[in-house]
Amino acid sequence: MTGGLELTAVLGQARAGNAFEETVERLLTVIKLGVVGPGERFPAERDLAVQLGISRITLREAIRALQEAGYVESRRGRFGGTFVTYTRPAPSRGELRRIAREDSGRIADALTFRMAVETGAALVLAQSAGEFDGDVLRARLASVNGAVPDDYRRMDTLFHLAIAELTGSALLAAAGADARMRLNDLLNAIPVLQRNIDHTAVQHTAIVDAILAGDTARTQRAVAEHLEGTAALLRGFLT
């Protein structure tokens with residue numbers, strides 16, 4: 001099972017009036033972002049229900065709906081639980097063309113939203129350097145920089161979500177997950193090449209070094225350079 005850091009950021013409390021629908025949506029976000037990856041197990045029902053602020057009956061109904069849709073499977077026994085069966089689609093130029101045709105306006109808006117949210121989160125974290133567990137951030141950096149192409153998007157997501165989560169702000173962490181989800185289908189449709197991983201590893205390292213040094217100006221420059229590069233890559237594939 002994955003660590004609880006990013007899972008907490010994505011889940012939050014479901015509103016009582018829409019508990020079932022919101023639970024399905026939030027669990028789908030967890031699955032599609034790879035916070036709980038293929039073959040990994042969700043927390044125990046009692047813990048997951050508490051995190052979502054819902055009854056176990058509502059949670060079971062949501063899990064049943066996701067199982068019927070092919071996203072998860074439930075296993076019984078000592079090592080049972082709810083396991084993710086979803087795997088992200090292979091990169092597809094046809095999907096890129098569809099997204100470019102249908103979602104170009106929303107993509108521009110999502111890129112602006114991501115820049116604001118992720119820059120803000122990194123700045124907050126830099127201002128509180130020494131007050132959070134830097135080892136968590138270093139571990140996420142090592143995971144994304146050492147990821148193989150097939151698992152890179154998931155590790156990249158967990159890296160960026162960790163920055164927002166470590167601020168201690170539930171609202172900022174949720175906004176970070178929302179910003180990533182708005183671009184998730186587009187990012188998944190783009191092939192990951194090793195040279196891209198090597199290039200972004202330098203940028204990720206610069207972001208972490210600046211945050212841990214408490215240097216807000218350097219943090220802002222490092223995040224802006226990284227996100228502007230990603231935005232340019234996306235626009236390049238969409239033209």
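Since every read-out is calculated from the coordinates, none of them should be taken as a lab result. Since the structure is predicted, the reported quantities are computational estimates derived from the model, not experimental observations. Here the Cβ is made from the backbone with ideal geometry for all residues, glycine too, and neighbour counts use every protein chain on show.
Taking +1 at the Cβ of each Lys and Arg and -1 at the Cβ of each Asp and Glu, which of Leu111, Pro91, Gly146 sits farthest along the dipole of the range 21-179 towards its positive end, judged by Cα position relative to the Cα centre?
Pro91
By how many nm would the segment from Gln127 to Arg60 grow when fully extended, if each residue of separation counts as 0.36 nm and the alpha-carbon distance is taken off? Intermediate values should be presented prior to the final figure.
On the way: separation 67, 0.36 × 67 = 24.12 nm, distance 4.13 nm.
Full extension from Gln127 to Arg60 adds 20.0 nm.
Among Arg78, Arg64, Arg88, which one moves the most in a GNM of the chain with springs linking Cα atoms closer than 10 Å?
Highest fluctuation among the options: Arg78.
Work out the length of the dipole vector of the chain about its Cα centre, built from +1 on the beta-carbon of each Lys and Arg and -1 on the beta-carbon of each Asp and Glu, and round it to the nearest 20 debye. All intermediate terms of the calculation are to be shown ahead of the outcome.
Values: 28 positive and 29 negative charges, 122 e Å.
That gives the chain a dipole magnitude of about 580 debye.
Å³ per residue of the Cα convex hull, for the range 4-84? Numbers along the way, then the final one.
Numbers: hull volume 6.7 nm³, N = 81.
It comes to 83 Å³ per residue, whole-number rounded.
So what is the diffusion coefficient of the chain in µm² per second by Stokes-Einstein at 25 °C and 0.890 mPa s, using a Kirkwood Rh over Cα pairs? Each step should come with its number before you reach the end.
Details: Rh = 18.6 Å.
Rounded, D is 132 µm²/s.
Going 7 Å from the Cα of Ala90 along its beta-carbon direction, which residues of the range 179-193 have the amide nitrogen within less than 19 Å of the resulting point?
Once the point is set 7 Å along Cα→Cβ of Ala90, 185-193 turn out to lie under 19 Å by backbone N, inside the range 179-193.
Run through the range 48-137 and list the GluC sites (Glu not before Pro) located in a DSSP loop whose Cβ has at most 14 other Cβ atoms within 10 Å.
Numbers: sites: Glu61, Glu68, Glu73, Glu95, Glu102, Glu118, Glu131; in loops: Glu131.
For GluC sites (Glu not before Pro) across the range 48-137 that sit outside H, G, I, E and B with at most 14 neighbouring Cβ atoms in 10 Å, the list reads Glu131.
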